[in-house]
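Participant: I'd like to ask some things about the structure below.
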Amino acid sequence: MIALNISSMKTLLELQAIQSIGNSDANVQSVSNDQSIFTQLLGEMMNTSSSSLTESENLLGYFANMNNTSSPNSVDNNYLSTFAFNGEANYLPTSYYNELLQNEENIFSNNINKDYLNSAGFTNVLAGANAYSDIIEQASQKYGVPQKLIAAVIKQESNYNENAESSAGATGLMQLMPGTAKYLGVNDAKDPVQNIMGGTKYLSQMLDKFGQNIELALAAYNAGPGNVSKYGGIPPFNETKNYVNKVLNYYNA
């Protein structure tokens, strides 16, 4: 019999959890990253010191005993939804995010404090995105990128100024470079619709390329996917590291 330590058990359970999500494209974050929603979920499952539970309960027991069995998946949905939006994970896998979109009404009946689906409109530092909320919603639905992430990128890139131009030649709300804009089919980078749709498409491509890891996708958006691949992670550029941190702060606000 092989003895496993807690870390090994978590890794094995995490792999099983990832497989059970049913994402055939395997667009999930590396199991070695502690910001993985699965790593945190499994940690909570084995932790008996959660402030919201009694000392004799863990999250598995708590949700398993919930009197909410109106459908075969109700407990799982409530558990995962509550965990995802109240946890500290910085991303949601594409397949799970799409599932949340389909169950939005049920999800927001809970006391969720991270409105990644933007059901209440943009507030605080992202309030400026309300002027473009219809476009952001369309882009989110088309490319499967959370609305708050799109708004957070716009906030950092242009501070909601559709006429913004950088010294390097980046233009518009999501600061598209001329070559990138052409590649994305954007003819007028100062047009909010074209810019947001094009920028979101590119962000979606970066998320797909880097396994739905938001940190790496943002680094690629800022410094280029070649640099992320070259350094095997966020490039050691202060500008890029600051960029990723700022966008994540807006996204998690």
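Participant: For segment 205-214, just list the computed ³J(HN,Hα) in residue order, Karplus coefficients 6.51, -1.76 and 1.60, θ = phi - 60°, integers in Hz, with x standing in for Gly and Pro.
Facilitator: My calculation for segment 205-214 gives 5, 5, 5, 5, 5, 10, x, 6, 7, 5 Hz in order.
Participant: For a quick protection proxy, order the peptides 168-177, 143-152 by their average other-Cβ count within 10 Å, most packed first.
Facilitator: Details: 168-177: 21.0, 143-152: 23.3.
Averaged packing, sorted descending, gives the order 143-152, 168-177.
Participant: With a Förster radius of 41 Å, plug the Cβ-Cβ distance of Phe237 and Asp134 into 1/(1 + (r/R0)^6) and report the FRET value to the nearest 0.05. Write out the running numbers ahead of the final one.
Facilitator: Working: r = 35 Å, r/R0 = 0.84.
Using R0 = 41 Å, I get an efficiency of 0.75.
Participant: Next up: Show which lysines lie in cross-link reach of Lys209 when reach means a straight Cα distance below 22 angstrom and same-chain residues fewer than eight apart are skipped.
Facilitator: Lys142, Lys148, Lys182, Lys201, Lys230, Lys241, Lys246
Participant: So who's got an amide H within less than 5 Å of the one on Leu176, skipping anything under 5 residues away but keeping other chains? H placed 1.01 Å off N, in plane.
Facilitator: Thr171
Participant: Right, next: Averaged per residue, what accessible surface does segment 151-207 expose to a 1.4 Å probe, in Å²? Walk me through the numbers on the way to the answer.
Facilitator: Numbers: 2390 Å² over 57 residues.
Value for segment 151-207: 42 Å² per residue.
Participant: Next question. Name all residues of segment 129-158 having a backbone nitrogen under 16 Å from the label point set 7 Å from the Cα of Asn249 along its Cα→Cβ direction, giving them as ranges.
Facilitator: 152-158, by backbone N distance to the label point.
Participant: Tally Lys/Arg at +1 and Asp/Glu at -1 over every other residue whose Cβ is under 11 Å from the Cβ of Lys190; what's the total?
Facilitator: Details: positive: none; negative: Glu162, Glu165, Asp188, Asp191.
Cβ neighbours under 11 Å give a net charge of -4.
The values are calculated or read from the model by the stated rules, or taken from the named source; none is laboratory data. Note that this is a predicted model, so its numbers are computed, not measured. Positions of Cβ are generated from backbone atoms using ideal geometry, with glycine treated the same way; all protein chains shown enter the neighbour counts. For accessibility, only protein heavy atoms count, side chains too; no ligands or nucleic acids. Shrake-Rupley method; radii C 1.70, N 1.55, O 1.52, S 1.80 Å.
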